[in-house]
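One structure is given here, and the rest of the page talks about it.
Bear in mind that the values in this text are calculations on the coordinates, not laboratory data. Not measured: the values here are computed from a predicted model. Backbone-built Cβ (ideal geometry, glycine too); neighbour counts: all protein chains shown.
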Amino acid sequence: MSVRSIILAAAAILTTGNAHMIMKSPVPYAVDKIDSSPISKAQYPCKAQNGFSFTTATAMKAGEPLKVKLTGSAIHGGGGCQISIAQGNSPTADTVFKVVNTIAGCPTHPDDELDFTLPEGTPNGNLTLSWSWFSRLAGTHEMYHNCAPITVTGGADDTKAFDALPNMLVANLDETCQVPANMNVKYPDPGSALETEKDTTGEFAAPTGSNCGSTGNGNGGSPSGGAPAASSGAPAASSAPAEVPASSAPPAVSSAVASNPGGVFAPATCSQNGAVVCNGSTQFGLCNNGNVVWQDVAAGTTCSNGVISKRTAYNRQLKGRVARPRVVPGKDFTPDE
């Protein structure tokens, strides 16, 4: 984990109670009522309790570069996003959302802009575009789903290509399908337009349950077993998340940490707000209103007594080539010179 990764993770933890991410453009339905909280099963899809009112649908042309623009502050360490489309402007729980782009590890920055292209076979006319997100460091099972009205031109006058697209992943609304906590999503059916955000951190894991890979109320298709691939913006040496070995069971939690049925990475409790808390020597978190979410320290560092510092032997091996972070409670994350 890099210094940048630690900074982003800390920001995600500290802003747990603040503004989550939300789709800013295209303009969502009921824009005067929409909020940035995750959805419940009763609110699926699109925060349906707000209705689907709109003034003007965003014009989009199939086959041309397009963007979904996000805004907010709590990126929660990424996780994974999908951009999907559905027919009509009044989606229900039974509406089938079809994936046009999957972005593994998304979002990695506040005010992220997600590039995508509507397939040339996208049906012309009135459609609904959706942005879905499973956050990595939320500390609980969440799904975010915003939708917007769009008008498509330059596409097809039938639904043949649309029907062939994979179904959007719907998870974390009940126990039938859940994304493992503190993991980026290894989408079971990501489609052909798949990328990984270049600043993605953390491991990948596939959702588990009897109803994963479906959309709406569970009447969608079955997963194909696809996995994320690195985007062109990722470092050349980085392999696709599909090639990342499945996460093995993490080390047992230190006996000093309160037991939590959610697992090693589940939230724990703490007393000093804003303090760095260590879980053994290999994990850290920031105390946020009595709660702390664990994550691994950077390679070559160790956590002890609220301080993240270098492992001396490791740095001798690196011979000064890489600066590693030292974290002191109440101070910025800055690398040693």
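Here are the numbers for the structure shown:
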quantity	calculated
Charge sum, other residues only, whose C-beta stays under 11 Å from Met183's C-beta, Lys/Arg counted +1 and Asp/Glu -1	+1
Burial order of peptide ranges 150-159, 129-138, 181-190 (average beta-carbon count within 10 Å, highest first)	129-138, 181-190, 150-159
Entries of Lys33/Lys198; Lys33/Lys160; Lys33/Lys98 with Cα pairs more than 28 Å apart	Lys33/Lys198; Lys33/Lys160
Length added when fully stretched, Gln87-Asp158, from 0.36 nm per residue minus Cα-Cα	24.4 nm
Neighbour net charge for Ser40 - beta-carbon separation under 14 angstrom, K R +1, D E -1	-2
Peptides 98-106, 117-125 ordered by average Cβ neighbours within 10 Å, highest first	98-106, 117-125
Ranked packing of 23-30, 72-79, most packed first, by mean Cβ within 10 Å	72-79, 23-30
